[in-house]
Amino acid sequence: MRRALRSSLLPVINATGVILHTNLGRAPLSPAAVRAAEEAARGYSNLEFDLGTGERGSRFAHLEALLVRLTGAEAAMTVNNNAAALFLVLSALCAGREVVISRGQAVEIGGGFRIPDVMRQSGATLVEVGTTNRTYLRDYAEATTEATAAYLRVHASNFRVVGFTASVEVRDLARLARERGVLALDDLGSGALLDTTQFGLAAEPRVQDSIAAGADLVLFSGDKLLGGPQAGIVAGRRELVDRLRRHPLSRALRLDKVTIAALNATLLHYVRGDATSEIPVWRMIATPATDIERRAEALVASVGAGEVVPGRSMVGGGSLPEESLPTTLVALRAPAVDPMRAAAALRGRSRPVVGRVERDALVLDLRTVDPADDAEVGAAVREVLEAGTEAPSTRITGG
Ligand SMILES: *Cc1c(COP(=O)(O)O)cnc(C)c1O
């Protein structure tokens with residue numbers, strides 16, 4: 001009965017050190033975003049009601065002014081996720097025509113989301129140019145015909161091509177697009193608004209830079225580096241955004257009020273300038289390695305087992321592949337602990353704790369754990385150790 005009455009969707013403590021963990025729900029929301037979502041869910045709101053005139057309003061208006069202000073775009077609209085945003089843009093603006101894309105960018109993002117498949121579904125025809133590792137501006141120019149609707153750039157979110165490579169900057173692509181009378185579309189994926197280099201990471205392209213470089217439309221997710229709820233955002237030229245809004249698909253892909261409320265509160269952090277302290281994703285990225293070291297040492301001391309070892313945290317969520325942040329891991333090693341069994345026991349709790357198994361150790365990275373949950377992680381590890389998770393080869397059996 002307990003199992004039947006329990007939700008299968010459970011809150012989990014993420015001790016993997018992967019900040020945007022797609023399997024664990026990507027970005028956690030800020031306290032203000034949670035409050036806003038709760039208020040929108042609990043009662044009525046002016047979702048589509050103009051409080052000034054007492055007449056019908058637009059649900060898009062709540063987010064658009066903030067997005068325009070933060071990105072420098074003329075207009076913006078929001079849908080369910082970035083996959084939906086790309087599908088809408090291709091369907092509304094490119095169906096029946098050609099979209100030119102670098103061969104190295106006709107990629108799979110994950111979860112079966114493949115650019116060529118989305119393109120086919122939208123009714124646009126994919127024209128691949130260049131090679132897997134090198135594409136030049138002249139490749140786009142030579143592929144442009146009467147039938148060309150757009151050049152699409154897709155950010156290599158979850159992989160890197162290194163070595164003998166060449167790709168075209170948004171600025172150059174946008175200039176060529178203007179000359180040839182086609183659209184420059186930039187699918188940024190994670191869509192950072194802040195500069196990642198200030199935290200010792202590589203530069204993740206920022207939305208406002210792409211707009212400033214002349215992209216007609218920039219597409220990005222709400223729950224990657226923006227640090228908000230699942231959403232897809234399209235920012236860019238007013239006339240194009242209006243066409244997206246009028247397309248029948250936009251009704252099918254529209255955001256619900258709870259998400260609008262949470263996204264609104266998330267964007268306000270950027271306006272106020274408190275994103276790095278309030279938005280969990282940025283707070284985790286910004287946490288100094290020494291803070292995590294201190295918490296890891298306290299955890300080991302409180303458990304009376306395990307050891308602290310240097311390690312790396314990942315940003316994850318299809319952003320900054322190959323990039324990592326220095327951290328301190330709590331490691332529980334064989335033979336004292338069977339890492340697979342200990343990991344399973346931690347996952348089996350009513351509030352599961354998810355760590356990583358690396359070689360002969362279960363490792364926990366507190367970078368992705370809310371400091372308020374450190375004590376619970378300690379209690380979970382103690383429970384697991386007391387229940388006995390020694391490696392089977394070393395367990396004494398029999399008399
Ligand atoms: C993640 C990603 C998407 C899909 O975004 P969702 O919000 O998960 O639908 C699309 N394009 C790129 C480049 C991405 O990184």
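The values are calculated or read from the model by the stated rules, or taken from the named source; none is laboratory data. Here the structure is a predicted model, which means the values were calculated and not measured. Quick reminder, even Gly has a Cβ in these numbers, built from the backbone with ideal geometry, and neighbours come from all protein chains shown. With ligands, DNA and RNA removed, areas are computed over all heavy atoms of the protein, side chains included. Shrake-Rupley method; radii C 1.70, N 1.55, O 1.52, S 1.80 Å.
Got a number for residues in segment 211-238 being part of a loop (DSSP other than H, G, I, E, B) and either closer than 20 Å to Asp274 by Cβ or within 9 Å of the chain's Cα centre (by Cα) (or both)?
9
Where in segment 271-324 are there helices (runs of 4 or more DSSP H), lying fully within it, with 3 or more residues that are open to solvent by 60 Å² or more (accessible area, probe 1.4 Å) and more than 14 Å from Gly17 (Cβ to Cβ)?
It comes to 289-303.
So, restricting to helices (runs of 4 or more DSSP H) that lie completely within segment 71-155, which ones have at least 2 residues that are of a type outside the set (Asp, Glu) and within 16 Å of the ligand (Cβ to nearest atom)?
82-94, 115-122
I'd like the full set of residues that are β-branched (Val, Ile, Thr) and within 16 Å of the ligand (Cβ to nearest atom), limited to segment 175-198.
Thr196
Listed residues Leu255, Leu244, Leu267; which is within 15 Å of Leu90 (Cα to Cα), buried (at least 20 other Cβ atoms within 10 Å of the Cβ) and not hydroxyl-bearing (Ser, Thr, Tyr)?
Details: Leu255 fails: within 15 Å of Leu90 (Cα to Cα); Leu267 fails: within 15 Å of Leu90 (Cα to Cα).
Checking each option against the conditions leaves just Leu244.
Can we say Arg35 is open to solvent by 60 Å² or more (accessible area, probe 1.4 Å), assigned to a loop (DSSP other than H, G, I, E, B) and out of contact with any His (no Cβ under 7 Å at 6 or more places or on another chain)?
Details: open to solvent by 60 Å² or more (accessible area, probe 1.4 Å): yes; assigned to a loop (DSSP other than H, G, I, E, B): no; out of contact with any His (no Cβ under 7 Å at 6 or more places or on another chain): yes.
So Arg35 does not fit the description; no.
One line per residue, one yes/no per condition, for (1) out of contact with any helix residue (DSSP H, G or I) (no Cβ under 9 Å at 6 or more places or on another chain); (2) open to solvent by less than 20 Å² (accessible area, probe 1.4 Å):
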residue	(1), (2)
Arg114	yes, no
Asp117	yes, no
Arg120	yes, no
Leu126	no, no
Thr131	no, no
Thr135	no, yes
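Determine, yes or no, whether Val168 is in a loop (DSSP other than H, G, I, E, B), more than 13 Å from the ligand (Cβ to nearest atom), surrounded by fewer than 14 Cβ atoms within 10 Å (Cβ to Cβ) and aliphatic (A, V, I, L, M). If you could, list the steps in order and put the result at the bottom.
Working: in a loop (DSSP other than H, G, I, E, B): yes; more than 13 Å from the ligand (Cβ to nearest atom): yes; surrounded by fewer than 14 Cβ atoms within 10 Å (Cβ to Cβ): no; aliphatic (A, V, I, L, M): yes.
Criteria not met by Val168.
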